[in-house]
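Remarks on the structure that follows.
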Amino acid sequence: MSDTVLLARQGPVATLTLNRPHKRNALDDTLLDELERAVCGLRDDATLRVVIVNGAGPSFCAGVDISELAGIDDAELRRQRFTPIAARRTRILVRVLEALRALAPMTVAAVDGAAAGGGFSLMLACDFRVLSDRARCWYPEVALGVPLSPPSTRLLLEEVGMARAKDIILRGTRLDAPSLAALGIAQAVVPAEALAARADSLAAELAALAPAGAQVSKATINALVRGESVLRPELSLPPANGA
């Protein structure tokens, strides 16, 4: 693993850190590839209970890196350059979001500063979110002339419903930490200097849960919210009147 994604382990808790602080942890090819490998590498660890996802420096993640377009003023040329870059990075990001959502351990996003575009989606793909009071989240895609991907759209829609999702996506509405908490997207908002400790505290609480009950319940919630059937015969009600 390169140093664009850092993996640390303390007992049953793993921490994944996006580590491009000089680029506000924007998602370039290297970071996305390493992040996908890191998340997928955690799937088979039966001793793991919680994964914390955070970002190095003052931003969580500024979204897909488009720095290759810097200095290109011609709109058509920008579109030609942007399309293949965005397509590849979005494909990998979608796989990362699905892998993160499918992890059996609980996941906690610890968000400081900007979580834009793909960074917002990474946050939403986690089960719990702890934010600093300077966190800001938004989707700039429509303003950039591209649609938000269906997986990212679904993640937001599941959290806030259709009307608010349209407002946030189409108008590029920027949400501060209190707004995210009011929408139920964030479980806690704390001063920036207390963010790491609050995430660690929540991780310890989650790690203490009985893993079978917690992990099956998480999977059931995820399946039901997506309209998938959940067949668990052991929870079936007994026939009425003993028939």
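Coordinate-derived values only; no laboratory data. Since we're looking at a predicted model, the values are computed, not measured. Quick reminder, even Gly has a Cβ in these numbers, built from the backbone with ideal geometry, and neighbours come from all protein chains shown.
Here are a few things to note about the model shown:
- Once the Cα-Cα distance is subtracted from the 0.36 nm per residue extended length, the residue 94 to residue 225 segment shows a gain of 45.3 nm.
- For residue 55, residues with placed amide H under 5 Å, excluding near neighbours: 18, 112
- Where labels lie 7 Å past Cα in the beta-carbon direction, separation of residue 166 and residue 29 in nm: 3.9
- Taken along the Cα-to-beta-carbon direction at a fixed 7 Å, the label points for residue 43 and residue 187 span 2.4 nm.
- Exposed loop positions in the chain were taken to be trypsin sites (Lys or Arg not before Pro) whose DSSP state is not H, G, I, E or B and which have at most 13 other beta-carbon atoms within 10 angstrom. Between these positions, the longest stretch is 44-170.
- Taking the helices alone, the chain has a mean residue ellipticity at 222 nm of -13500 deg cm²/dmol, built from -39,500 (n - 2.57) per DSSP H run of at least 4 residues and averaged over all its residues.
- Classified by the C-alpha gyration tensor, the range 114-158 has an oblate form. Its axis ratio a/c, with a ≥ b ≥ c, is 1.5 or above, and a/b does not exceed b/c.
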